[in-house]
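The values are calculated or read from the model by the stated rules, or taken from the named source; none is laboratory data. Since we're looking at a predicted model, the values are computed, not measured. Backbone-built Cβ (ideal geometry, glycine too); neighbour counts: all protein chains shown. Note: areas computed on protein heavy atoms with side chains; ligands, DNA, RNA excluded. Shrake-Rupley method; radii C 1.70, N 1.55, O 1.52, S 1.80 Å.
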Amino acid sequence: MDVSLSRRGLLQGMAVAGGVLAAKAASAGPLQPIQAARHPGWVFGRMSGAQALTEALILEGTGCVYGIPGAQENELWDTFKQKKLPYLLVTHEYSAACMADGYARSTGRPGVLCVVPGPGITNSLTGLGEALLDSSPIVAIVGDVGIGKKAKPFQVHALANVDLLKPVCKCVYPVQTVEQIPGAVRQAFLTAMCGEPGPVAVVVPYNLLIETADFRSPPPAAELPPFDEEAFQKALGILADKSQRIGIYAGLGCMDFGTELAAAAELLQAPVATSVSGKGAIPENHALAVGWGYGPHASEPAEIVFAGERGHPKSGITTLLAIGVKFSEVSTGYYGDFQPKHVVHVDANPCNLGRVLETDVCVHADAGIFLGRLLNCGDAVRRPVNAKLVARIQQTKADANRELCNVQPGQCGVDPLAVIGSLRKNLPCDALLFTDVTVSEHLAAEHFQVCKPRTYFNPVDNQAMGWSIPAAIGAQRVHPGVAVATLTGDGCMLMSAMEISTAARESLPVKFFILDDHAYHYMQMLQKAAYLRTTATQLARIDYAALAQAFGVAYQEVCHQGELDAKVRGAIDYPGPVLVRIATDYGKRKIRWIEAVRKRYSGELTAAQKARFMARLGGRALNMHPEAND
Ligand SMILES: Cc1ncc(C[n+]2csc(CCOP(=O)(O)OP(=O)(O)O)c2C)c(N)n1
Ligand SMILES: [Mg+2]
C-alpha cells in the first residue's frame, strides 16, 4: 500500500472539495444548463448528493454498479435508474466485490460496488481484500449512518464503518459534506488506478445523499506515473552486458503493454515467464514465452529454460529483469524462484521493490514507461537472434503439450488436467476464464495457455474461495458477446453458488465448470503428507441437476473422460448459463506447485520441528488401527 500516495490523493480530493465549497458560497440561485455545457467533464450545477455521485460515476465511465440497496442508499439506487447508469443486483456483498474485481481485471478500469454500511461492508471485506492483494482497481461506494445535528444515537448498521474498510483498501475517503461527494468519487477512481492499482472506498453518510448543493467539481488532476531516470540508466548498464543471459519475469503491471513486452523480449533475446496474474501479458504461444513462474513449482518450460539444463552450465539465465511484479508467496511457490546472479526489479510501487530477491538495481517506474524507454535505447542492449534458445523453448513447450494431450482417464471420474486441456481446446482464445482456489488452479496456471491479455484470472494472494463464480458474472455483464467460464471446485462453489441465480435472472451466459470430488482435495493433499490422515475435508454429495433446475440454468454432467470434449463444447455453444458438473478423480495427479512448496516449507522447519513431525508420522504409520479420515 502506497500510503504517501494515498495521503497526497486525499489532499487533492479535499482541495477539490474545498473549491466546491468556495463555488457554493459564490453562487446564487439555480445554475443555467448553458453554464454546465461549458464545463465538459465537470459535475456542474444544482443537484442532490445522490445525483452528484451518480454524475461522477457516469463521468468516470462506469459500465456497471454491483451491489444491494438498503435504506441508506435507496436514494442513490433510484438515481442510478433515473440517470440510466447500469447496475446489477447481487445476492451477497462478497459477490459484489468479486464482480467489481472481475470487471476491473477484464476491462483494466475500476469496477464499482455499492453496499450498505454494517453488514454490507463486512460481507464485502473478503472480496476487497482479494482486490487489495491482487492489485485490482475497485471503487466501493459505501453508505454510512447519518451525521449532523439531527443524527440519532444507536442507528442501524452503526459499526465503525470507515475503520472496517481501511485494512482492505488502498485508501478510504470519508465524506463529511454534500459538496465533497463528486470530488471524493473522482479522486477514488484516480487513486484506484495510479501506482499499483487497488480498491478505494468512498463512505457517504446517507443524509448527504438527499441534500442539495451547487456543484462545480472538475475532474482531479492526474498524477504523472513514476519514473526513476537514474535507476533506469543503471538498469540499462546491466542489461547492456552481453556476457549475461537475460530472462524477463513479467507481472500484472505489464498487462496492457504486451506489444512492448514482446518487443523487449526480442530485443534482449530473453525468455519471458510471468506471474500468475501476469498470464497473458505476452501471448504464451510467442516464441520467447515460457509460461508461468520459473521455479520448480510452475510451468516446466519456464523452469528448464530459466534454470538451464543439467550438463549445460551456460544455458540458464544470469540476469533477471522483473517488471511490474511482486514476488508473492503463491506465484513463486513459497519463494521458490531462484536468485539469479543479477536482478533488475521494476515496479510502480516502491514498497514492492527488492523485498524478496536481492537486487542490483530497483527502478521505481511504471512498467509501460520503462518498456517504452528500454525500446528507445535499443542499440545499447540489442542482442543477435538466439536460434538455439528459441529451439529449446519450442522443444520444452512441445514436451509439456504432449503431457496435456495424453492424460489417462481417472478410475472414477475425469482427471482435472484433462479438463484444463479440454477447456483450452474448446474455449475461443478471447474467452475469459476465471479460476478459483482449488488445487486445479495450479494445474491451470501451469498448463492453460493464454494468448490474449486480460483473459485469465485467478484470486492469487488472498486465495478467497468462491471468487470465480461472481467474478465471472461481473465480467460477463460488461462483455456480452464474449465466452466466459469458471473453473472451480465443489468446495468453492458451495461458498458462492447462490450467485448463479443472478446469472439466470439476467440471462448472463456464464459456463460454470465445477470439479466435483465431494471434498477439499487441496487440503487433503496437504494434510495426508503431514498427518497421514485427513480432517474436516469431506463435503456433501449435492444433487447438481436439481440445483441447476432450482436456479433456472441449463445442466450438463460429465462422468467419463470420453465424453468430456463433446460436453464441454456443447456447454460453451449453449446460448445461456450452464452448470457443468465434472465428476473428478484427482487420483494420483501430481501437482508441481504442491510438491515444490511442501519441499521448501519442510526445508525451513527447525530440527526439533522436523523431529516432532517425523515421530508423529512414524507413530501413525505403525498404527494398525488408524482413525478414520474426516
Ligand atoms: C475462504 C477460504 N476458506 C478456506 C480456505 C482454505 N482452502 C483453500 S483450498 C480449500 C478447498 C477447496 O475445495 P474445492 O473447491 O472442493 O477444491 P479442491 O480442493 O477439491 O480442488 C480450502 C478449504 C481458503 N483459501 N479460503
Ligand atoms: Mg473439491
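Per residue, the stretch 327-399 exposes 46 Å² of accessible surface when a 1.4 Å probe is rolled over the protein heavy atoms with every protein chain present.
Here the 3J(HN,Hα) profile of the stretch 381-398, calculated from phi with Karplus coefficients 6.51, -1.76 and 1.60 at θ = phi - 60°, is 10, 5, 10, x, 4, 9, 4, 5, 5, 4, 5, 5, 4, 4, 5, 5, 5, 5 Hz, Gly and Pro shown as x. For the stretch 344-354, 3J(HN,Hα) computed residue by residue from phi via the Karplus equation (6.51, -1.76, 1.60; θ = phi - 60°) reads 10, 10, 10, 7, 6, 10, x, 5, 8, 6, x Hz, glycine and proline entered as x.
Could you put His286, His364 in order of accessible surface area, largest first, with the 1.4 Å probe and the full protein assembly present?
In descending accessible area the options line up as His364, His286.
Spread over its residues, the convex hull of the C-alpha atoms of the chain is 178 Å³ per residue. The Glu604 and Ile542 beta-carbon pair, evaluated with R₀ = 25 Å, returns a calculated FRET efficiency of approximately 0.05. In order along the stretch 133-143, the phi-based Karplus estimate (6.51 cos²θ - 1.76 cosθ + 1.60, θ = phi - 60°) of 3J(HN,Hα) comes to 6, 9, 6, 10, x, 9, 10, 9, 9, 10, x Hz; Gly and Pro are listed as x. On a C-alpha basis, how far is the centre of the stretch 387-426 from the centre of the stretch 564-586 in Å? Whole number, if you could? If we compute the Cα centre of each part, the gap is 19 Å. Ignoring ligands and nucleic acids, what accessible area does Tyr249 show with a 1.4 Å probe (Å², nearest 10)? Taking all protein chains as shown, Tyr249 has close to 0 Å². Farthest toward the positive end of the dipole of the stretch 525-630, out of Val553, Ala583, Gly618, is the Cα of Gly618, where the dipole comes from beta carbon charges about the Cα centre. The local environment of His479, defined by Cβ-Cβ distances under 13 Å, has a net charge of +4 under the rule Lys, Arg +1 and Asp, Glu -1.
Close amide H pairs (under 5 Å, H built 1.01 Å from N) link Val558 with Arg581, Ile582, Ala583, residues at least 5 positions away or on another chain.
Loop-located chymotrypsin sites (Phe, Trp or Tyr not before Pro) in the stretch 93-197 (DSSP state other than H, G, I, E, B) with a sparse environment of at most 11 neighbouring Cβ atoms within 10 Å: Phe154. Looking at the chain alone, DSSP beta bridges between its own residues are antiparallel in about 10 percent of cases. Relative to one another, the C-alpha centroids of the stretch 468-526 and the stretch 427-453 are positioned 13 Å apart. Take the Cα of Ala615, step 7 Å toward its Cβ, do the same at Lys588, and the gap between the two points is 3.3 nm. For the pair the stretch 229-253 and the stretch 307-376, the centres of their Cα atoms are 9 angstrom apart. When Asp517, Asp228 are compared by accessible area at a 1.4 angstrom probe, the order from most to least is Asp228, Asp517. Between the Cα long axis of helix 258-268 and the first principal axis of the chain there is an angle of about 40°, rounded to the nearest 10.
To the nearest ten degrees, helix 564-573 and the longest principal axis of the Cα atoms of the chain are 20 degrees apart.
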